[in-house]
1. Take the cross-link list 51/100; 304/405; 264/301; 49/100 and give me the ones stretching past 21 Å between alpha-carbons.
2. Full extension from residue 316 to residue 173: what is 0.36 nm times the residue separation minus their Cα-Cα distance, to one decimal in nm?
3. Ignoring ligands, DNA and RNA, what accessible area per residue does region 248-337 give at 1.4 Å, in Å²?
4. Can you give the local net charge around residue 382? Use residues other than it whose beta-carbon is closer than 13 angstrom to its beta-carbon, Lys and Arg +1, Asp and Glu -1.
5. Under 21 Å between alpha carbons: how many lysine pairs meet that in region 152-231, if sequence neighbours fewer than 8 apart on the same chain are excluded?
6. Applying the Karplus parametrisation 6.51 cos²θ - 1.76 cosθ + 1.60 with θ = phi - 60° to the phi angles of region 282-297, what ³J(HN,Hα) value in whole Hz is obtained for each residue in order, glycine and proline being reported as x?
7. Considering Cα pairs under 8 angstrom that are at least six residues apart, work out the relative contact order of region 215-282 and quote it in whole percent.
8. Starting from the amide H of residue 337, placed 1.01 Å from N in the peptide plane, find each other amide H under 5 Å away whose residue is 5 or more places distant or on another chain.
Amino acid sequence: MNFYKSAALALDHLEKNQGSVKGSLAAAGIKSTPGEGKRILALVIETLKYKPVLLELLTTVPLLSLEKLTFPKKVPRGAPSSRSLLLVLLHDLLFSSKNKIEASDLWPPKPALLKHQARLKGELVKLQIKKGKSRKEDLAVTSSSSGSGDLYRYIRYNSNYTKSLADLHEELERLGYTRLPKGEGVGKEKYPLGDKEYFEDEHLGEVLFVFNGATTWWNKSRWYEDGGIILQDKASCMPAKVLMWAWEDDEGECIDATAAPGNKTSYVSALMGNKGILHAFERSPNRYKTLTRMLEKAHCKNVKAQRADFLESDPKDGEYKKVTRILLDPSCSGSGIVNRLDYLLEDDVEESDSKTERLEKLASFQLQMILHAFKFPSARRIVYSTCSIHPEEDERVVLAALQSKIAKDKGWKLAPREQVIPSWERRGRPEEIGGDEDLAQGVIRCLPEDRTNGFFVSCFVRDDPAGLSISNITQPGSESASKAEDGKGNGTKSKTKTKAEAAVKSSNKRPRGVDDEESGDAERVSYTRQEMEREKAKTEDVKVAGYQVQVNETTENVNKEKTSAQLERNKRKKAAQKEKAKKRKLEA
């Protein structure tokens, strides 16, 4: 297989699955000799380092349009995408030690690219000057740099503030800033922004503004100190925006289940017009203090904060009888908070065991949060979000919730794309949500190349005719699993199980999640499990995209059978312990 095509295939797999580079080479089915493998690996890593710059060049020199016959939008099955192929070719032409494409002149992509060589190099010099880099090599993203994060900064206007949005624009004009006109694609055309330029975000409207990453005008400004503006990543604003879709003042009340440090809470408050009641739960004492400070600073008069565990709340309590909307942003792996390449260079073999086990625990906890939210009698809209890029915490948890008995009994479905920021292009992965394209279109994914943190947003609705139900999804071992659920099939439950039906492991402690109090980009909290409320016994079967989960509502505990992989891990651990014991005896 062509060297560049192999590298491009690996890039495609990385973008789709976010694994490690080594794992992507294998998963993409790339076969090569050890020497070729190292060469492909090096090219992929080097291309990733320069990817933000290369993507900028492709906006100023639109090769996908100029050479659409050579680099078509649709490619044959098994071929790399034209964009990924262009990235690896551009890297070698502009940043490799030889500054050339090492392929035959008869291979069409090479002459097609060389036609634009002079223009590409000229635009690269302009970028280098604009970024203040003395050498083009300094444009690379390294493990210690901030990636593409130095290109922009998001600042959200807080409508709860005493001054108006017009006042903010006047202040920025006084400081010498130019507001770029509205228009589709303005942001794409203007990255990186000039030092004194800003524009209104195309997806979140007039409350979110994009500035150059080096911007510091807000430092020591009364607007920032008094809570008139809030520094918040774009992706972190999306859950609140989706939650409050078509909100009306007389609809009811809202809940933020894991509120600290308060960025999302303050945005929901503002979207409610600072009216009504927003119940904010925070279990951690220290983070609760952070939350209350933030709410005071952001002038949130409609928030009723309580230092309590959402999972221990009683959905039938009269205090929550008017709650119609719930925001769930639970503890997660935080894998989306990456502006570095480190995670791409990890070795899949070394990390897989502990990583998989931790993700299973997190998924178990996240699912419990959703199922608990389903119980609130007046709830009609529930947003579930994570700052994770792992499908185990994202689409698979959503699918599990939709397949739960309580979801079916109470009529919970997934909101359609039209209600979940429809203009945002990157949607969910169909293959991770039962192969259902409509369900995948109903959720949002964000990646660092979208100029945001990695993020996932989904929305459950009921009593909404537009809601999306699960289609006839074929799961591994689905026939036997179906029999096991309803007890049919010769009058007994099927004993057939596949590896994909292993249950998610139970834990006496809540899984540890990312905790980023300072930035507010990931509003997560690490929990310790306490005893759950005792309710009338009722067991339901839930599938987590291939995992078979038993949820016993008596204790809200998710029990997991050991998979063959876990048994194998335990064997290896025991063998290693025995070996160490033998060595200690010999040394003694």
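1. Working: 51/100 17 Å; 304/405 32 Å; 264/301 15 Å; 49/100 18 Å.
Over 21 Å apart, Cα to Cα: 304/405.
2. Details: separation 143, 0.36 × 143 = 51.48 nm, distance 5.14 nm.
Using 0.36 nm per residue and subtracting the Cα-Cα distance, I get 46.3 nm.
3. On the way: 3360 Å² over 90 residues.
Each residue of region 248-337 exposes 37 Å² on average to a 1.4 Å probe.
4. Values: positive: 325, 375, 380, 381, 410, 413, 462; negative: 256, 329, 463, 464.
Here the charged neighbours net out to +3.
5. Values: 163/220; 182/190; 182/196; 188/196; 196/220.
Going through region 152-231 pair by pair, I get 5.
6. For region 282-297, the Karplus-derived couplings read 8, 7, 6, x, 5, 6, 5, 4, 4, 4, 5, 5, 5, 5, 5, 5 Hz, x marking Gly and Pro.
7. So the answer I get is 33 percent.
8. 454
The values are calculated or read from the model by the stated rules, or taken from the named source; none is laboratory data. Owing to the predicted nature of the structure, the values given are computational and were not obtained by experimental measurement. Every residue, glycine as well, gets a Cβ built from its backbone with ideal geometry; the counts of neighbours run over all protein chains shown. The area values use the complete protein model at the heavy-atom level, side chains included, leaving out ligands, DNA and RNA. Shrake-Rupley method; radii C 1.70, N 1.55, O 1.52, S 1.80 Å.
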